[in-house]
Amino acid sequence: MTVKQWLIESEQTENLIKYFWEIIGIGALNSSISKASALLFYEIITQILYRGNFASTIILQKNGLSKSLIDPLNSFIVKNNGDIILSNKVNRLVIEKDNVVSVLTGDEKLSDYDYLISAIPLYSLARIIDLNILNINIQFEYSSILNIHLWIEGLNLKEKFYGFLDSPLHWIFVKDEHFNIVISDADYLIEKDQNEIMELVINELKRFFPVAADAVKKYKIIKEKKATFIPANKVNKLRPEAETKIKNLFLAGDWTNTGLPATIESAVKSGRIAAEKVLKNI
Ligand SMILES: Cc1cc2nc3c(=O)[nH]c(=O)nc-3n(C[C@H](O)[C@H](O)[C@H](O)COP(=O)(O)OP(=O)(O)OC[C@H]3O[C@@H](n4cnc5c(N)ncnc54)[C@H](O)[C@@H]3O)c2cc1C
């Protein structure tokens with residue numbers, strides 16, 4: 001069942017679907033509610049609305065995600081005698097007798113490990129190991145996200161972010177003169193050129209805010225074509241577990257079977273699950 005079918009079956013009115021559920025749905029699933037799985041949406045709603053006030057608190061990182069999450073994580077690894085190797089792509093996992101015996105990177109052959117956790121996307125994993133060996137036969141369709149960064153002079157907005165209703169724009173985040181507009185489920189815009197996208201964005205902005213025609217001083221459009229997989233029912237059932245047929249290889253990543261759509265939460269949860277499975281094996 002899709003999210004939309006579920007909402008209609010649950011007697012949600014057209015307005016409630018359009019002005020409430022669709023906003024949460026597109027934001028969390030990056031997919032039209034006519035395509036996404038009702039089960040995943042149910043999971044999100046339960047986690048947001050039925051686990052106390054803190055679960056639905058909106059948190060804006062003061063210093064950005066890297067400083068808040070990645071830097072402390074790096075320090076933790078280094079403090080515990082771990083090595084962090086950056087910018088070294090894994091090209092192949094060499095399998096012998098149901099074990100990964102070495103990891104071939106651009107300039108190294110690594111084999112000094114007990115267990116491996118792969119945390120790369122499915123399409124990358126397919127390039128370094130035959131997915132048939134892992135019994136993975138899932139083919140995701142992906143959905144795009146557009147980020148449009150604008151530097152606008154003289155536009156003073158009171159709130160730190162706004163959601164749009166009845167607009168192709170979904171969110172705007174405000175930091176002084178820097179405005180970041182997010183458009184999810186944006187496949188229909190991916191092939192459009194910068195001028196077309198900017199025309200749409202400026203026209204929409206003018207409907208909501210007092211933006212002068214020449215106030216946009218600079219802009220940058222970032223198109224992420226394969227931003228997230230579409231959480232449709234048929235693929236959701238096929239998402240793999242952390243454990244694989246290869247004894248020392250475990251899978252993590254937002255696309256594994258976490259019960260959540262492609263989100264940071266899903267990625268974090270998958271990492272925890274994989275780490276727990278490794279600990280059980282030790
Ligand atoms: C534009 C955009 C906006 C988003 N907004 C949100 C949001 O607001 N909230 C939210 O929760 N989620 C959001 N998401 C989704 C979120 O970013 C993902 O769900 C999350 O990053 C997935 O984490 P991951 O660790 O599974 O994979 P990734 O973040 O994709 O990390 C995988 C890493 O593996 C590396 N890699 C790939 N192949 C190899 C290889 N062969 N060797 C070595 N390394 C390799 C990649 O370079 C990458 O760094 C957004 C995604 C996009 C694209």
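The values are calculated or read from the model by the stated rules, or taken from the named source; none is laboratory data. The shown structure was predicted, so the numbers you read here are calculated from the model rather than taken from an experiment. Glycine gets a Cβ as well: all are built from the backbone with ideal geometry, and neighbour counts include every protein chain shown. Side chains are part of the model used for accessible areas, which takes the heavy atoms of the whole protein and leaves out ligands, DNA and RNA. Shrake-Rupley method; radii C 1.70, N 1.55, O 1.52, S 1.80 Å.
Points worth noting:
- Heavy-atom accessible surface of Arg127, to the nearest 10 Å², is about 150 Å², with a 1.4 Å probe and all protein chains retained.
- Electrostatic dipole magnitude of region 145-229 [Cβ: Lys, Arg +1; Asp, Glu -1; Cα centre; debye, to 20]: 260
- As a length-normalised measure over Cα pairs under 8 Å and 6 or more apart, the relative contact order of the chain settles at 22 percent.
- Accessible solvent surface per residue of region 3-56, calculated while the other protein chains remain in place, 1.4 angstrom probe, Å²: 61
- A Förster distance of 35 Å, applied to the separation of the beta-carbon atoms of Leu86 and Glu196, puts the FRET efficiency at 0.40.
- GNM top mover of Thr57, Thr46, Thr263 - the chain, alpha-carbon springs below 10 Å: Thr57
- Calculated FRET efficiency for the pair Ser167/Val268, C-beta based, R₀ 30 Å, to 0.05: 0.45
- Theoretical gain in end-to-end length, Glu276 to Ile48 [0.36 nm per residue, Cα-Cα removed]: 79.6 nm
- Heavy atoms of Val174 accessible to a 1.4 Å probe, total area in Å² rounded to 10: 30
- Axis angle, to the nearest 10 degrees, between helix 264-281 and the longest C-alpha principal axis of the chain: 10 degrees.
- Members of Lys160/Lys217; Lys223/Lys277; Lys89/Lys277 lying beyond 29 Å, as alpha-carbon distances in this model show: Lys223/Lys277
- The helix-based estimate of mean residue ellipticity at 222 nm for the chain, built from -39,500 (n - 2.57) per DSSP H run of four or more residues and divided by its residue count, is -8500 deg cm²/dmol to the nearest 500.
- Degrees between helix 38-49 axis and first principal axis of the chain (Cα, 0 to 90, nearest 10): 80
- Largest GNM mean-square fluctuation across Tyr42, Tyr142, Tyr113, computed for the chain with C-alpha springs under 10 Å, falls on Tyr113.
- Accessible surface of the chain, 1.4 Å probe, proportion on carbon and sulfur as whole %: 52
- Relative to the longest principal axis of the Cα atoms of the chain, helix 194-208 runs at roughly 60 degrees.
- Ranking of Asp185, Asp114 by solvent-accessible surface, largest first: Asp114, Asp185 (1.4 Å probe, protein heavy atoms only, all chains present).
- In Hz, Karplus ³J(HN,Hα) per residue of region 13-19 (6.51, -1.76, 1.60; θ = phi - 60°; x = Gly, Pro): 6, 4, 5, 4, 5, 5, 9
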